[in-house]
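Student: Mind looking over this structure? Questions follow.
What follows is calculated from the coordinates using simple rules that are stated; it is not laboratory data. Computed from a prediction, not measured in an experiment: that's the story for all the values here. Positions of Cβ are generated from backbone atoms using ideal geometry, with glycine treated the same way; all protein chains shown enter the neighbour counts.
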Amino acid sequence: MHRHALASASLAAFAFATPAMANEDVLQQSARPEQWVLQTGNYTNQRYSKLAQINRDNVKNLKVAWTFSTGVLRGHEGAPLVVGNIMYVHTPFPNTLYALDLNEDGKILWKYEPKQNPDVIPVMCCDTVYRGPAYADGTIYHHQADTTLVALDAKTGKEKWKVVNGDPKKGETNTATVLPVKDKVIVGISGAEFGVRGHVTAYDSKTGKQVWRAYSLGPDNEILFDPDKTMSLGKPVGKDSSLKTWTGEQWKIGGGTAWGWFSYDQETNLVFYGTANPSTWNPAQRAGADGKPIDQKWTMAIIARDADTGVAKWAYQMTPFDEWDYDGVNEMILADITVQGQPRKVLVHFDRNGLGYTLDRVTGELLVANKFDPKVNWTSGVVMDKNSPQYGRPQVVKEYSTFQTGQDKNTKGVCPAALGSKDQQPAAFSPSTNLFYVPTNHVCMDYEPFRVSYTAGQPYVGATLSMFAAPGSHGGMGNFIAWDAAQGKIAWSKPEKFSVWSGALATAGGIVFYGTLEGYIKAVDEKDGTELFKFKTPSGIIGNVMTYSHNGKQYVAVLSGVGGWAGIGLAAGLTNPNDGLGAVGGYAGLRDYTALGGSLTVLTLP
Amino acid sequence: MKRAGFASAMVGAIVLLSSPYAMAETANTTEKKEIAGKWVTAAGDPTYNIASDGTVDWYTFSGFRRYHSECHTCHGPDGEGSSYAPGLVESVKTMRYADFMLIVATGREVVRADKQSKMPALGDNANVRCYLEDIYVYLKARADGGLPRGRPAKRADKPEAAEKQEKECFGDR
């Protein structure tokens, strides 16, 4: 039955295929270092630029070239795009999009402001953030908060088509960017805190017609898993790989949304992404019929799907039966590195759960899974012995299991906190050092799950938590680290006062850029993290640093505008459990450092 | 249009909660009495109690839990506010229970030149509706400065009345 469905899905895909391949254009355009056409730089998500005019010797001389106010106060995630002489700047809800003329210091060429029902605002769990549009083939693909996907003429801002991907009344919203691949645009969905059943959908890039949709959980023909051909840890997943890991119909409100990033490998024609937490946050309500943990596939998983058909080639679940809200949505970075003496085509992923994973991106084989924050304590590690029945599974430490501690009981001192050792803020990879540069959170939590009931379009959480800076460390809430993904080791680590919630950029100038929540844009040496430059922008940075070149001059740009989960969790400062009852210890409140306001800062050498 | 919606939702909320507090005329948080583990001001608003050894009443503790499940993702930890939504510790200093209940049940929209914010109507959400008093007294305890930030260290046991009310409110438990 499901076989038939899979076959017809691929037939449909073939019928829609056209010779004009958007990814040819994306490949060509993203190969030009003077541009930035996808949010993550290019299909590999490496966030690396070959531009080298700004380098480790002269970066200290950077000055502001020009700035631009977005007119919106909420948290600004993502980055501007640059295509030719035009820069595209997006905002959080109402998702305004500006096209700025680089030949005239950012004069506004056109502005697109969608009309959206404000009812979508409160169903976005943690601020109305948006990680930005993408460019392909003369078109800007813009995915609004209310899940309307619109294709705009890149030159004029005129609508070519639009389509609605989800229903905000059920808590379905969008915060993610999109990925144009071939003749399709791949989009995700947010709302696991509202019991949304997650999915990824491909739309025809010329018409907006839906080509395929793959749910994260449910029957095989809806998750587009082939029981015999879709692999996990070297074995076929088998029949009902998702359904048999849920009790009753909980999967219908089971979360596993796809609100992170997509990457694409043209050799294998695979699209990679991660899935979010199972709903609710109370694991007892998701236990198996026997009262024991049950996996809840394919939440918390890395999934590799064929771009044309959506059928999964492989999947790997990082945190089976989540008990801490460790969404698996963070970016998948594709790189070719040497692991144990062998050149490998890998996928590297820094998960919320605090483990840095290196997998073979062709087969899904697990190569490395190590902690990228030494304070991570919920697991003793992942079993790497292929002959063990526990192969590939993280071993949960009883003391930090919110399920074993139980409903209505407080599990103390779990590291990392629900916001993860790293959230969506993307890391960068430099082929010159073979290191990954990772913005991280250094925050732990107490977590108490309890019973909740489901109402469509209402929060469906079921746990209370308090967060604090990792105890017994430097007292700060973040680190910016360099990671060796072949060894699974931290190369260097630079402490930060607040969580680092900004995407990194590595360049051929031997430097790495990132932003801080106080609002600094910083440049550090790729070799050892030495700080070479910092400048305080108008507001806290949760956006991602990008670079481009115009008329032969290199520029570095970043959106500031504090908000997002970081702005919510850290505005008032965290409590220090060691200082006794609720004292606010020495930990800084973000609101003492920065205030709301979206603006773009563009830097260059004098 | 909006007012009509509000009014009917308000009636719904009040009927739903059948609260004795909606009729209260004046606020007075200094005098209070206990009825089956639940504390009430002389003016008839629900309130918190913190014993001399720091033990909080059940409802204040319950409010702490529910707040940090349903409310803190917008309003920040401990009612302190966030970059996204205002601090409720400030708001409830002057807000009577009836007004609090109304806003939570029916929502609130603020449209200004510089921002548009929208609080959802949570009256349909059993996880909020069944604990409205709890959340209010928790925030009151925080607002008056009696309860510091973080998890209350000690709490009273759950009264039978709370158990019973919870079951009735959820309908299925």
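Student: Positive end of the dipole of the range A:448-606, charges at C-beta (+1 Lys, Arg; -1 Asp, Glu), about the Cα centre: which of A:Pro471, A:Gly509, A:Gly597 has its Cα farthest in that direction?
Tutor: Looking along the dipole axis, the top candidate is A:Gly597.
Student: Under the rule of at least 5 residues apart or a separate chain, name every residue whose amide H is placed under 5 Å from the amide H of A:Trp314.
Tutor: A:Met231, A:Ala304
Student: Okay, moving on. Using helices alone, I'd like the mean residue ellipticity at 222 nm for chain A: each DSSP H run of four-plus residues gives -39500 (n - 2.57), total over residue count, nearest 500.
Tutor: Here the helix-only value at 222 nm equals -1500 deg cm²/dmol.
Student: Could you list A:Ile511, B:Ile50, A:Ile189 so that the one with the fewest beta carbons within 10 Å of its beta carbon is first and the one with the most is last?
Tutor: Lowest to highest Cβ neighbour count: B:Ile50, A:Ile511, A:Ile189.
Student: Whole angstrom only: what separates the Cα centroid of the range A:238-278 from the Cα centroid of the range B:104-149?
Tutor: Taking the Cα centre of the range B:104-149 as reference, the centre of the range A:238-278 is 34 Å away.
Student: Kindly state, to the nearest 0.05, the FRET efficiency for A:Asp119 paired with A:Thr67, given R0 = 41 Å and r defined as their beta-carbon distance.
Tutor: That gives a FRET efficiency of 0.80.
Student: Mind checking which lysines have their C-alpha under 17 Å from A:Lys209, skipping anything on the same chain fewer than 8 residues away?
Tutor: A:Lys160, A:Lys162, A:Lys182, A:Lys184
Student: Given contacts defined as C-alpha pairs under 8 Å and at least six residues apart, what's the relative contact order of chain A, whole-number percent? Don't jump to the answer; show the numbers that get you there.
Tutor: Values: 1828 pairs, mean separation 91.2, N = 606.
It comes to 15 percent, rounded to a whole number.
Student: Please compute the modelled spin-label separation between A:Lys239 and B:Lys32, points set 7 Å along Cα→Cβ, answer in nm with one decimal.
Tutor: The answer from the label model is 6.0 nm.
Student: Further, regarding this structure: At a Cα cut-off below 20 Å, give the aspartates and glutamates reachable from A:Lys115, other chains included and same-chain residues fewer than 8 away excluded.
Tutor: Of all the aspartates and glutamates, those that pass the test against A:Lys115 - Cα under 20 Å, at least 8 places apart if same chain - are A:Asp127, A:Asp146, A:Asp153, A:Glu159, A:Asp167, A:Glu172, B:Glu109, B:Asp114.
Student: Oh, and also: What's the magnitude of the charge dipole for the range A:465-560 around its Cα centre, counting Lys and Arg as +1 and Asp and Glu as -1 at the beta-carbon? Answer in Debye, nearest 20.
Tutor: 160 debye
Student: Sticking with this one: Quickly work out the A:Lys252-to-B:Lys158 label distance, labels modelled 7 Å from Cα along the C-beta direction, and quote it in nm with one decimal.
Tutor: Calculated label separation equals 2.7 nm.
Student: Between the range A:293-322 and the range B:48-94, what's the alpha-carbon centroid distance in Å?
Tutor: One Cα centre to the other: 37 Å.
Student: Taking amide hydrogens as modeled 1.01 Å from N in the peptide plane, which residues meet the under 5 Å criterion relative to A:Ala463, leaving out close sequence neighbours?
Tutor: Residues meeting the amide H criterion: A:Phe450.
Student: Figure the gain on full extension for A:Asp228 and A:Asp528 (residue separation times 0.36 nm, minus the Cα-Cα span) and round it to one decimal in nm.
Tutor: 103.3 nm
Student: Sorting A:Arg393, A:Arg74 on the 10 Å Cβ count, fewest up front, what's the list?
Tutor: Ordered by Cβ neighbours within 10 Å, fewest first: A:Arg393, A:Arg74.
Student: Here's another thing I want to ask about it. Can you list the residues of the range A:38-57 with backbone N under 12 Å from a point 7 Å past the Cα of A:Leu27, pointing along Cα to Cβ?
Tutor: Under 12 Å, as judged by backbone N against the label point of A:Leu27, lie A:43 of the range A:38-57.
Student: Report the Cα centroid-to-centroid distance between the range A:441-455 and the range A:56-112 in angstrom, as an integer.
Tutor: Measuring centre to centre over Cα atoms gives 37 Å.
Student: Continuing with this model, one more query. Quick one: dipole size for the protein assembly as shown, taken about the Cα centre, charges +1 on Lys/Arg Cβ and -1 on Asp/Glu Cβ, in debye to the nearest 20.
Tutor: Charge dipole, the protein assembly as shown, about its Cα centre: 440 debye, nearest 20.
Student: Quick one: if the Förster radius is 35 Å, what FRET efficiency do B:Val111 and A:Gln53 give, using the C-beta to C-beta distance and rounding to 0.05?
Tutor: The pair B:Val111/A:Gln53 has a calculated efficiency of 0.20.
Student: Then there is this: Of A:Lys375/A:Lys494; A:Lys60/A:Lys494; A:Lys386/A:Lys412; A:Lys50/A:Lys527, which ones are farther than 22 Å apart at the Cα?
Tutor: A:Lys386/A:Lys412
Student: Please list, in order along the range A:308-319, the HN-Hα scalar couplings obtained from phi with the Karplus expression 6.51 cos²θ - 1.76 cosθ + 1.60 (θ = phi - 60°), rounded to whole Hz, x for Gly and Pro.
Tutor: Each residue of the range A:308-319 in turn: 7, 10, x, 5, 6, 8, 8, 8, 9, 8, 7, 10 Hz.
Student: So how far apart, in nm, are the two label points at B:Asp144 and A:Ile108 if each is 7 Å from Cα heading toward Cβ?
Tutor: 5.0 nm
Student: Which of the pairs A:Lys235/A:Lys313; A:Lys170/A:Lys244; A:Lys169/B:Lys140; A:Lys422/A:Lys497; A:Lys235/A:Lys398 have their Cα atoms more than 21 Å apart in this structure? List each step's numbers first, then the result.
Tutor: Working: A:Lys235/A:Lys313 11 Å; A:Lys170/A:Lys244 25 Å; A:Lys169/B:Lys140 32 Å; A:Lys422/A:Lys497 15 Å; A:Lys235/A:Lys398 29 Å.
Cα-Cα > 21 Å for A:Lys170/A:Lys244; A:Lys169/B:Lys140; A:Lys235/A:Lys398; rest within.
Student: Kindly state, to the nearest 0.05, the FRET efficiency for A:Lys489 paired with A:Asn269, given R0 = 41 Å and r defined as their beta-carbon distance.
Tutor: Here the calculated transfer efficiency is 0.80.
Student: Something else now. More than 44 angstrom separation, counting every C-alpha pair in the protein assembly as shown; what % is that?
Tutor: 22 percent
Student: Exposure proxy check: A:Phe436, B:Phe61 ranked by fewest other beta carbons within 10 Å?
Tutor: Fewest-to-most ranking of A:Phe436, B:Phe61: B:Phe61, A:Phe436.
Student: Moving on. Which aspartates and glutamates, on any chain, are close to A:Lys489 with Cα under 17 Å apart, when same-chain ones fewer than 8 places away are left out?
Tutor: A:Lys489 reaches A:Asp351, A:Asp373, A:Glu526, A:Asp528.
Student: Provide the three semi-axes, in whole Å and in decreasing order, of the ellipsoid equivalent to the range A:317-361 as defined by the square roots of 5 times the Cα gyration tensor eigenvalues.
Tutor: Taking √(5λ) for each eigenvalue gives 24, 10, 7 Å, largest first.
Student: Then there is this: Using θ = phi - 60° and the Karplus relation 6.51 cos²θ - 1.76 cosθ + 1.60, list the HN-Hα couplings for the range A:398-413 in order, rounded to whole Hz, with x at every Gly or Pro.
Tutor: Working through the residues one at a time gives 3, 4, 10, 8, 6, 6, 6, 5, x, 4, 6, 10, 9, 8, 9, x Hz.
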